[in-house]
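Quick notes on the structure that follows.
The values are calculated or read from the model by the stated rules, or taken from the named source; none is laboratory data. No experiment lies behind these values; they were computed from the predicted model shown. Reconstructed Cβ throughout: ideal geometry from the backbone, glycine too, with neighbour counts over all protein chains shown. Ligands, DNA and RNA are stripped out before the accessible areas are found, and what is left, the full protein with its side chains, is counted by its heavy atoms. Shrake-Rupley method; radii C 1.70, N 1.55, O 1.52, S 1.80 Å.
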Amino acid sequence: MPAPSGKPAAAPASAVAPTLAELMDFVRGAARDEALIASLPLDPEERTWIRLDGPGGSEAWLIGWPPGTGTGWHDHADSFGAFTTAAGALTEHSLAVRLPTDGWRTLELKDGVDRTRELATGQGRAFGQNHVHEVLNESGTAHAVSVHAYYPPLPRIRRFSRTGPVLRLEQTERPEDWQ
């Protein structure tokens, strides 16, 4: 079972990196842990989170989403990951295109790259490196809760703004910015 932790989980020297399937199994299992889900304090206006010990040295989070909140457009750099909705429903908007990793500030996206997924309780997805998306709780009345896992632990998150087809890099965050 995942346990809340105040610091990154250290992988043993002999640990093998978890696979996407193992990350997905972890987030699904954690999402079914009623005691874990109940341990998350929910705020009426801001997202809340608890750091979890993920498998194989991965970084994992239990996140509470008040009605109408979201992440904004972002990526997870070189980390791959998985997430599952544990309560409520989330919407994921993503881009079916690989962005350059460095050296740009503004890109014009082509038609047909947008994807939308509705993720009800118990539903989730896995994603590869440099996956660009935003996750939203579009409910006007109900909190949502989700479990996320990333490997390797997040080295950075790039945040983007979007106006129509134009995606603009706004900032890069490092772990010390969100832990």
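Descriptive notes on the structure:
- Where Gly140 falls short, out of the listed (1) touching an Asp or Glu at 6+ places or on another chain (Cβ under 7 Å); (2) over 22 Å from Arg28 (Cα atoms): (1)
- Taking the criterion of being within 17 Å of Ser139 (Cβ to Cβ) and not polar (S, T, N, Q), the residues of the stretch 41-55 that qualify are Leu42, Asp43, Pro44, Glu45, Glu46, Arg47.
- Qualifying residue in the stretch 165-178 (condition: within 20 Å of Ser58 (Cβ to Cβ), part of a loop (DSSP other than H, G, I, E, B) and open to solvent by less than 60 Å² (accessible area, probe 1.4 Å)): yes
- Positions within the stretch 63-115 being farther than 24 Å from Gly140 by Cβ and of a type in the set (Asp, Glu), in sequence order: Asp75, Asp78, Asp102, Glu108, Asp111
- Qualifying residue in the stretch 119-136 (condition: small (Gly, Ala, Ser), more than 16 Å from the chain's Cα centre (by Cα), surrounded by fewer than 18 Cβ atoms within 10 Å (Cβ to Cβ) and in a loop (DSSP other than H, G, I, E, B)): no
- For Ala89, the conditions (1) in contact (Cβ under 8 Å) with a residue 60 or more places away in the chain; (2) among the hydrophobic types (A, V, I, L, M, F, W, C); (3) crowded, with 16+ Cβ neighbours inside 10 Å; (4) over 23 Å from Pro152 (Cβ atoms) are fulfilled apart from (1).
- Out of Ile50, Ile63, sole residue that is at pLDDT 95 or above, within 29 Å of Ala96 (Cα to Cα), out of contact with any helix residue (DSSP H, G or I) (no Cβ under 7 Å at 6 or more places or on another chain) and not in a loop (DSSP other than H, G, I, E, B): Ile63
- Residue pairs whose Cβ atoms lie under 6 Å apart, sitting 6 or more positions apart in sequence or on different chains, and linking a residue in the stretch 51-65 that is more than 17 Å from Ala17 (Cα to Cα) to a partner that is polar (S, T, N, Q) and open to solvent by 20 Å² or more (accessible area, probe 1.4 Å), are Arg51/Ser5; Gly64/Thr48.
- The set of residues in the stretch 92-106 being open to solvent by 60 Å² or more (accessible area, probe 1.4 Å), modelled with pLDDT under 85 and closer than 13 Å to Arg168 by Cβ is empty.
- Single match in Gly112, Gly70, Gly81 (criterion: of a type in the set (Gly, Ala, Ser), open to solvent by 30 Å² or more (accessible area, probe 1.4 Å) and within 13 Å of the chain's Cα centre (by Cα)): Gly70
- Filtered by the rule that a residue be of a type outside the set (Ser, Thr, Tyr), within 13 Å of the chain's Cα centre (by Cα) and crowded, with 20+ Cβ neighbours inside 10 Å, the stretch 138-162 gives Val145, Val147, His148, Ala149, Leu154.
- Selection count where residues are outside any helix (DSSP H, G or I) and either open to solvent by less than 70 Å² (accessible area, probe 1.4 Å) or out of contact with any strand residue (DSSP E or B) (no Cβ under 9 Å at 6 or more places or on another chain) (or both), scope the stretch 12-45: 14
- Yes/no for Arg158 being in a strand (DSSP E or B), of a type outside the set (A, V, I, L, M), under 19 Å from Asp177 (Cα atoms) and in contact (Cβ under 8 Å) with a residue 24 or more places away in the chain: yes
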